[in-house]
Amino acid sequence: MQAVPYSYREDPAVPPFPDDKPLVVFDGFCGLCARSVQFVLRHDKAGRFRFLPAQSTLGTAIYRHYGLSTDDYDTVILLADGRLHIASDAALGVLSRLPAPWPALATARVVPRPLRDGVYKLVAKHRMRFFGRTEACYLPRADERGRFIDGQSSAPTLTSAD
């Protein structure tokens, strides 16, 4: 599934977006996903990451570009240095870019990917039941808005976590 770095730049279906920082594309209706984004925002004081709800026009275009399902958005995407990371690789890629102690958890890469992704897919399959579904996408607080790409969301937005 690994494509040429920055291949989305050549895809007319993917609107241009700033890709100078790692981008996390997440399911905006998923309670676990929204909490995960809030976790990263809390620990990424240096502002290394940008965020984008998968349900936005741009998020959907990125999923389609890489041949991922837009029916459920059941995997987080990390685009870093123009490269696609999904499932457990995306989660571990985010952790590895956070300040200490979080990169230590990325040592889970020693676990074979099929096993890691199996656990990831099991959690993803039941994420709405275990962690809830929001009726609208996560809306960042005023001080977080610069970290989110305006992907022209087609989904309703939830009030901020102020």
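Within the set ASP27, ASP72, ASP44, the sole residue that is of a type in the set (D, E, K, R) and under 9 Å from the mean Cα position of the chain (by Cα) turns out to be ASP27.
For residues that are touching a residue at least 60 places away in the same chain (Cβ under 8 Å) and either farther than 14 Å from VAL94 by Cβ or surrounded by fewer than 16 Cβ atoms within 10 Å (Cβ to Cβ) (or both), tally how many sit in region 39-57. Matching residues across region 39-57 total 5. Mind checking whether some residue in region 67-84 is β-branched (Val, Ile, Thr), in a helix (DSSP H, G or I) and in contact with a Leu (Cβ under 8 Å, 6 or more places away or on another chain)? Taking every residue of region 67-84 in turn, none turns out to be β-branched (Val, Ile, Thr), in a helix (DSSP H, G or I) and in contact with a Leu (Cβ under 8 Å, 6 or more places away or on another chain). Only one entry in VAL123, VAL111, VAL119 is surrounded by fewer than 17 Cβ atoms within 10 Å (Cβ to Cβ) and modelled with pLDDT of 90 or more, namely VAL111.
Is it true that some residue in region 21-28 is farther than 18 Å from ASP89 by Cβ and modelled with pLDDT under 90? Checked region 21-28: at least one residue is farther than 18 Å from ASP89 by Cβ and modelled with pLDDT under 90. Suppose the filter is part of a loop (DSSP other than H, G, I, E, B), in contact with a strand residue (DSSP E or B) (Cβ under 6 Å, 6 or more places away or on another chain) and crowded, with 16+ Cβ neighbours inside 10 Å; does LEU139 pass it? It is true that LEU139 is part of a loop (DSSP other than H, G, I, E, B), in contact with a strand residue (DSSP E or B) (Cβ under 6 Å, 6 or more places away or on another chain) and crowded, with 16+ Cβ neighbours inside 10 Å. The conditions of being modelled with pLDDT of 95 or more and either of a type in the set (Phe, Trp, Tyr) or touching a Gly at 6+ places or on another chain (Cβ under 8 Å) (or both) are met by ALA80. Here PRO16 meets the list (1) part of a strand (DSSP E or B); (2) more than 27 Å from LYS125 (Cβ to Cβ) almost entirely, failing just condition (1). Pairs are defined by a Cβ separation below 6 Å, a sequence spacing of at least 6 or placement on different chains, a first member in region 95-119 that is in contact (Cβ under 8 Å) with a residue 40 or more places away in the chain, and a second member that is surrounded by 13 or more Cβ atoms within 10 Å (Cβ to Cβ) and not in a loop (DSSP other than H, G, I, E, B); the pairs so defined are LEU98/HIS43; TRP102/LEU95.
Evaluating THR60 against the criteria (1) at pLDDT 95 or above; (2) in a helix (DSSP H, G or I); (3) surrounded by fewer than 19 Cβ atoms within 10 Å (Cβ to Cβ); (4) not acidic (Asp, Glu) leaves one unmet condition, (3).
The values are calculated or read from the model by the stated rules, or taken from the named source; none is laboratory data. Since we're looking at a predicted model, the values are computed, not measured. So basically every Cβ, Gly included, is an ideal-geometry build from the backbone, and we count neighbours across all protein chains shown.
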